[in-house]
Amino acid sequence: MKTNIKNKPKSIGKDRTVIIAGFVVSALVLATLVLWVTNMGSINLFESLSILIILFLVISAAWILVDRTRNMRAGLPAKDEMTVKLMHKAGYYAYLASIYIALALMWYSDSLEDSGGAGLDAGQVGGAIILLSAIVLMGSYFYLSHKGAAE
Amino acid sequence: MKTRIKEFRAKYDLTQEQLAQKVGVRRETIVFLEAGKYNPSLKLAHDVAKALKTTIDELFVFTRD
């Protein structure tokens, strides 16, 4: 069995590429958000919540990317077995949450229709599931990173 | 799980960052290992033990908790 002793972290080039790509995607999302907000007339509650969630996700992604960059500059790996385990666990929570979120949105849409209003359309439901699952993913990752539980 | 990483680190006058560099992990991983909040893989336990010139048995004390 080989060890990492006295070896430099592997896949530095790949990590650097992933970090740069992450910053580019974050910047593009932010630019799209700015264009969307400046071109829309009035903002309803659903849209303002979406904007807040997207901002939270972009800031979270930027925080993770800055943290990885800081580690690489210190000669440490951008990610290791603990961060990978943490992300897997957070992903598991996000997957479970997405199922419950989908069920809750179906129930909410039905109750809106039952009360005489218009239910949620497929785009709204899909968007809400993606954004809320992403919040659970980021929230779980930050919580687990703070707690250090990767079992 | 209890560990003696801090004790061995002091013995060889290593900072958490220096040990992290030797092992090839992030400093946070060493912090959580020292605090007993993270159970390492066998490979990581072996790498840390080797970096501190000791054995896994000496370094990690496994309990039922």
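The values are calculated or read from the model by the stated rules, or taken from the named source; none is laboratory data. Treat the numbers as computed from the prediction; the structure is a model and nothing was measured. All Cβ positions, glycine included, derive from the backbone under ideal geometry; neighbour counts span all protein chains shown.
Here's the yes/no breakdown for (1) under 24 Å from A:ARG73 (Cβ atoms); (2) aromatic (Phe, Trp, Tyr); (3) modelled with pLDDT of 95 or more:
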{"site": "B:LYS6", "(1), (2), (3)": "no, no, no"}
{"site": "B:GLN21", "(1), (2), (3)": "yes, no, no"}
{"site": "B:PHE32", "(1), (2), (3)": "yes, yes, no"}
{"site": "B:GLY36", "(1), (2), (3)": "no, no, no"}
{"site": "B:VAL61", "(1), (2), (3)": "no, no, no"}
**Study point:** Checklist (1) at pLDDT 90 or above; (2) within 22 Å of B:VAL25 (Cα to Cα) applied to A:ALA97, failing item
**Key:** (2)
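Per-residue answers, yes or no, for (1) farther than 30 Å from A:HIS146 by Cβ; (2) in a helix (DSSP H, G or I); (3) aromatic (Phe, Trp, Tyr):
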| site | (1), (2), (3) |
| --- | --- |
| A:ILE43 | yes, no, no |
| A:GLY91 | no, yes, no |
| A:MET106 | yes, yes, no |
| A:VAL125 | yes, yes, no |
| A:ALA128 | no, yes, no |
| A:LEU132 | no, yes, no |
Review point. Residue check: is B:ASP47 more than 11 Å from every other protein chain (Cβ to nearest Cβ) and at pLDDT 90 or above?
Key: no
Point to revise | Exclusive hit being under 17 Å from A:VAL18 (Cβ atoms) and over 18 Å from the mean Cα position of the chain (by Cα), set A:LEU65, A:LEU76, A:LEU120 | key: A:LEU76
**Study point:** Filter result (surrounded by fewer than 16 Cβ atoms within 10 Å (Cβ to Cβ) and without any contact (Cβ under 8 Å) to a residue 40 or more places away in the chain) within segment A:68-98
**Key:** A:ARG70, A:ARG73, A:ALA74, A:VAL84, A:HIS88, A:TYR92, A:TYR95, A:LEU96
Point to revise | Which listed residue is more than 7 Å from chain A (Cβ to nearest Cβ), aliphatic (A, V, I, L, M), surrounded by 14 or more Cβ atoms within 10 Å (Cβ to Cβ) and within 14 Å of A:MET82 (Cα to Cα), from B:LEU52, B:LEU33, B:LEU42, B:LEU19 | key: B:LEU33
Exercise for review: Taking A:GLY75 as the residue in question, decide whether it is assigned to a loop (DSSP other than H, G, I, E, B) and among the small types (Gly, Ala, Ser).
Suggested key: yes
